[in-house]
1. Residues being without any contact (Cβ under 8 Å) to a residue 40 or more places away in the chain, over 18 Å from residue A:150 (Cβ atoms) and not aliphatic (A, V, I, L, M): count how many of those fall in the stretch A:61-119.
2. Of everything in the stretch B:193-219 that's of a type in the set (Val, Ile, Thr) and over 14 Å from residue B:236 (Cβ atoms), which residue is surrounded by the most Cβ atoms within 10 Å (Cβ to Cβ)?
3. When you scan the stretch B:233-245, do you find a residue that is within 14 Å of chain A (Cβ to nearest Cβ), surrounded by fewer than 23 Cβ atoms within 10 Å (Cβ to Cβ), of a type in the set (Lys, Arg) and touching a helix residue (DSSP H, G or I) at 6+ places or on another chain (Cβ under 7 Å), even just one?
4. Name every residue in the stretch A:190-205 that is touching a strand residue (DSSP E or B) at 6+ places or on another chain (Cβ under 8 Å) and in contact (Cβ under 8 Å) with a residue 40 or more places away in the chain, in order of residue number.
5. Among (1) modelled with pLDDT of 95 or more; (2) within 25 Å of residue B:269 (Cα to Cα), which single condition is residue B:55 missing?
6. In the stretch B:246-262, what residues are of a type in the set (A, V, I, L, M), within 7 Å of another protein chain (Cβ to nearest Cβ) and within 18 Å of residue A:321 (Cβ to Cβ)?
7. Among the residues of the stretch A:67-79, which ones are at the interface with chain B (Cβ under 7 Å from one of its Cβ atoms) and surrounded by 17 or more Cβ atoms within 10 Å (Cβ to Cβ)?
8. Residues that are assigned by TED's automatic domain parsing to the domain that holds residue B:93 and aromatic (Phe, Trp, Tyr): which strands (runs of 3 or more DSSP E) entirely in the stretch B:1-52 hold 1 or more of them?
Amino acid sequence: MSVESRPTGHAPDDPHAPEDRHAPDDPHRPDGPRALSDLGVDFCGLRLAHPVINASGTFDLVAAAAAFGEDALRAGFPFAAFVSKTITLAPRAGNPPPRLWEAPAGLINSIGLPNKGLDGYLAEELPALTRLLADTQGAGRPAPLITNVMGSTGEEIATLLAACDERPEIAALELNVSCPNVKTGLDIGADPRALREVLCEVRPATAKPLIVKLTPNTADVAACARAAEEGGADAVSLINTLRALALAPGTGAAWLGGRTGGLSGPAIRAVALAQVAAVAGAISIPIVGMGGVQNATHARDLLDAGAGLVAVGTESFRDPAVGARIARELRGAPAAAVA
Amino acid sequence: MALAPFGRRRVGVLGNDELGAYRVLRVADDGPAPAAGQFAMLAAVERWGGEQDERPHLARAFSYARWREREAHFLLEDVGPGTRRLGELRAGEELWLLGPLGSAFAPPAEGRRALLVGGGVGIAPLAIWQDALCAGETHDPRGAHDSPNKHDPLGAGDRHGAPLAPALLGFRDAARAQGAGLLSAVQVATDDGSVGHAGLVTELLADELDSDAHATVYACGPAPMLEAVRALCAKRAVPAQLALEAGMACGFGACHGCVVPRRGGGYLRVCLDGPVIDAAELDHVDAHAGAPA
């Protein structure tokens, strides 16, 4: 089945879609004079041009500028806000290769969060990102920068948040809680009680909006989302990749250098939809929904399930400009579906 | 070196011609001309997915094998669901293409001759590089712009009668050795001895360097061959530029999936720092890469 065809809903270029007889600014429109092209979203106090952002670690702005040129990247900038890769306190080289395995309708990765560490990020990468994000939203406006951080203890996380809090170039923070607790070995984000505790500890470290990136590798994602809300999160984002394993053909041994990896892509879209819907029913803070989004129909599904923003990840690997196409397609969508 | 337009573009297939065990996929491309060594990410517009194990899903990386008048050529070998699907494409069908991406071959150092060493389907970027070297599109250390070789056709000799950019190409068997037809001034080696020298292409390289070590080596092929080239050139202090292959998810530095260890620590991204990497940057060429094919 083509990803474009669905039993319900119409692609924006579908000739069979019901014709909209009302001009976007027509005051007689059923939903009033609201412009269809106005997809502006208020998210935790950030005014975004549309609801499409990137998933952390799936779009390297500095690399993209080298591959496509800064001007072309700015002109076609695909996201309304930009989420950095995960930053840790100490630099990380990442996992030994191989790091990729193509799965049925998806990808298993074991990249290992390579990054320059907090100091390197603040000194080198942040100025570069700030420069590249300038004037990406038209009329001289930058895309807000959301910095994603991860630590293995409350103290580490608080240090990361506090350091980022001092930088005005950073609009918001996203906390990756798919990190093993150094004491228990369990992912901090997989255990609601541990998650609430650590958030209560680190929340005072920043006044910036704090998004908690939930892990799907847990028994009860709604309970984890409630714990995040109770711990002081301003929003949650989900889903992160699903833990997955690939075996090297004929050997029975793990293919990936990091042994296990994270599954992403269309393969996880239905799981993402279920988890976003479950979380939406459990909390009152905003949700960034992601998982296998390839087009506006998939994005609308997540928005309908309760997400306020949608993030694109693996699909950007197939087409770096896809975020812009999805935002454009959403503009052509029925207003009710994106309200 | 050319920058890729931002976003993949839809291009038409002009032909898909058999070349021994390989196919040469020809596409019409209005994008920028690639520099030799650069690559593109390719995916069929129709039926990309739903093959063996519901693959392929990601686009596949291919070096440009040739570029003429807005016609790009890519060399295919059927080694998995992605390459198989691309091999099925016929004139009139369409591809998604993102490129040109990555680094390019740099001209030989002053006074050195270019020596091309390829293995299997890895001969592709050497063909476009030989085109560039022989057309004088790049710096010619032996005569710069007034060189009489500048407009020599492919494979023509220089003023001493030696080929301008000779190619040493290794293949598994005779069917694959037909791929050598992409290049000129070729010496072939085959594993099974059916064509040319029976043995390794690096044995031909050792002989060439014995006769004249004043060369810059350009190599592309399977990792064990590249490692042998790297080791041989390092031992003889011959500069070498290696075009690496790796499974990639994106091709533009986003996923950090295609890395190889860098000499002195850390990793290089084959897509962004490469695919053409100075051999001096590597301690070893590992045979890790592989999927997705």
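1. Looking only at that region, the number is 3.
2. The first filter runs over the stretch B:193-219 and keeps only residues of a type in the set (Val, Ile, Thr), leaving B:195, B:201-202, B:216-217.
After this cut, where a residue has to be over 14 Å from residue B:236 (Cβ atoms) as well, the list is B:195, B:201.
Working: B:195: 18, B:201: 28.
Restricting to residues being of a type in the set (Val, Ile, Thr) and over 14 Å from residue B:236 (Cβ atoms), the top hit is B:201.
3. Checked against the condition, which is being within 14 Å of chain A (Cβ to nearest Cβ), surrounded by fewer than 23 Cβ atoms within 10 Å (Cβ to Cβ), of a type in the set (Lys, Arg) and touching a helix residue (DSSP H, G or I) at 6+ places or on another chain (Cβ under 7 Å), the stretch B:233-245 yields no hits at all.
4. So the first thing to find is which residues in the stretch A:190-205 are touching a strand residue (DSSP E or B) at 6+ places or on another chain (Cβ under 8 Å), and the list is A:195, A:199, A:202-203.
Listed by number, the list holds a single entry, A:202.
5. The single condition residue B:55 does not satisfy is (1).
6. Once the filter is applied, which keeps residues that are of a type in the set (A, V, I, L, M), within 7 Å of another protein chain (Cβ to nearest Cβ) and within 18 Å of residue A:321 (Cβ to Cβ), the stretch B:246-262 yields B:249, B:254.
7. Within the stretch A:67-79, the first condition is being at the interface with chain B (Cβ under 7 Å from one of its Cβ atoms), and the residues that meet it are A:67-69, A:72-73, A:76.
Listed by number, the residues that qualify are A:67, A:68, A:72, A:73, A:76.
8. Details: elements: B:9-19, B:22-28, B:39-44.
Fully inside the stretch B:1-52 and qualifying: B:22-28, B:39-44.
The values are calculated or read from the model by the stated rules, or taken from the named source; none is laboratory data. From a predicted model like this one, the values you see are computed outputs, not experimental measurements. Neighbour counts are summed over all protein chains in view; Cβ atoms, including those assigned to glycine, are modelled from backbone coordinates with ideal geometry.
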